[in-house]
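**Q** Structure incoming, see below.
The values are calculated or read from the model by the stated rules, or taken from the named source; none is laboratory data. Computed from a predicted model, the values in this text were never measured in an experiment. A quick note on method: Cβ atoms are made from the backbone with ideal geometry, for glycine too, and the neighbour counts reach across all protein chains shown.
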Ligand code: GTS
């Protein structure tokens, strides 16, 4: 066993990009599911550095903040850039994914009255990622460089979440559409994506 443990609510949510990375890198991990009633009544929230999940354990090493976990695993699996500049570009794109994830959460969970406006605005957000892809090997590879990076798993997760809620949202983005097909057909990732564990895990919380 790898000694990895993901502690999170029974959701894809903010842990799914970590699972995509681990699955594609051929790692195994344990899931520690936290039910909301236990989270509210127990000590887990008090123990969490910022009072939130996901929590990630690598043996005795404990880490919070999903993007820090991604970067930690990115360095561990050598998918965080081959030079300082490449690493900085991967960080930059990952920050862009985080910005969109926060907008998504606001529109879907906190200000649902803005959902239609958010959907109408999506092309403005996706065009940035389409352009980033087009500028790297004409969109035939990944976000940065010629091998997958932790930011690719983060973007893939966010795109898949959007496709589930807004099925036509990528219809005018051929490079992003091909990128999703290319990444999801990687054998180990495909195995994870087709697993019951993934399929049975809800994408977002029911509200
Ligand atoms: N920046 C944090 C990260 O990326 O890990 C945000 C984590 C976060 O917002 N966690 C939420 C949480 O713990 C759950 S979710 O938004 O990921 O679904 N909520 C419970 C609480 O008590 O705040």
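**Q** Kindly provide the set of residues from segment 161-177 that are in contact (Cβ under 8 Å) with a residue 24 or more places away in the chain and under 15 Å from the mean Cα position of the chain (by Cα), ordered by number.
**A** 161, 162, 164
**Q** Scan segment 125-146 and give yes if some residue there is closer than 21 Å to residue 54 by Cα and in contact with a helix residue (DSSP H, G or I) (Cβ under 7 Å, 6 or more places away or on another chain), otherwise no.
**A** no
**Q** If I ask for residues that are surrounded by 14 or more Cβ atoms within 10 Å (Cβ to Cβ) and more than 15 Å from the ligand (Cβ to nearest atom), which ones from segment 22-42 would you list?
**A** 22, 23, 24, 25, 27, 29
**Q** Return the total of residues in segment 43-55 being surrounded by fewer than 16 Cβ atoms within 10 Å (Cβ to Cβ) and near the ligand (Cβ under 8 Å from one of its atoms).
**A** Residues flagged as surrounded by fewer than 16 Cβ atoms within 10 Å (Cβ to Cβ) and near the ligand (Cβ under 8 Å from one of its atoms) within segment 43-55 amount to 4.
**Q** Go through (1) surrounded by fewer than 14 Cβ atoms within 10 Å (Cβ to Cβ); (2) in a helix (DSSP H, G or I); (3) within 15 Å of the ligand (Cβ to nearest atom) one by one and return the number of the condition residue 116 breaks.
**A** (3)
**Q** Still on this structure: Could you list all residues from segment 161-201 that are farther than 21 Å from residue 119 by Cα and within 16 Å of the ligand (Cβ to nearest atom)?
**A** Matches in segment 161-201: 201 only.
Yes/no per residue for (1) over 30 Å from residue 38 (Cβ atoms); (2) under 15 Å from the mean Cα position of the chain (by Cα); (3) not in a loop (DSSP other than H, G, I, E, B):
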| position | (1), (2), (3) |
| --- | --- |
| 50 | no, no, no |
| 53 | no, yes, no |
| 69 | no, yes, yes |
| 75 | yes, no, yes |
| 90 | yes, yes, yes |
| 96 | yes, yes, yes |
| 102 | no, yes, yes |
| 105 | no, yes, yes |
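**Q** Would you confirm whether any residue within segment 25-41 is modelled with pLDDT of 95 or more and within 15 Å of the chain's Cα centre (by Cα)?
**A** Yes, some residue in segment 25-41 is modelled with pLDDT of 95 or more and within 15 Å of the chain's Cα centre (by Cα).
**Q** Quick check on segment 56-63. Is at least one of its residues under 17 Å from the mean Cα position of the chain (by Cα), closer than 25 Å to residue 6 by Cβ and either exposed (fewer than 12 other Cβ atoms within 10 Å of the Cβ) or within 11 Å of the ligand (Cβ to nearest atom) (or both)?
**A** Yes: one or more hits.
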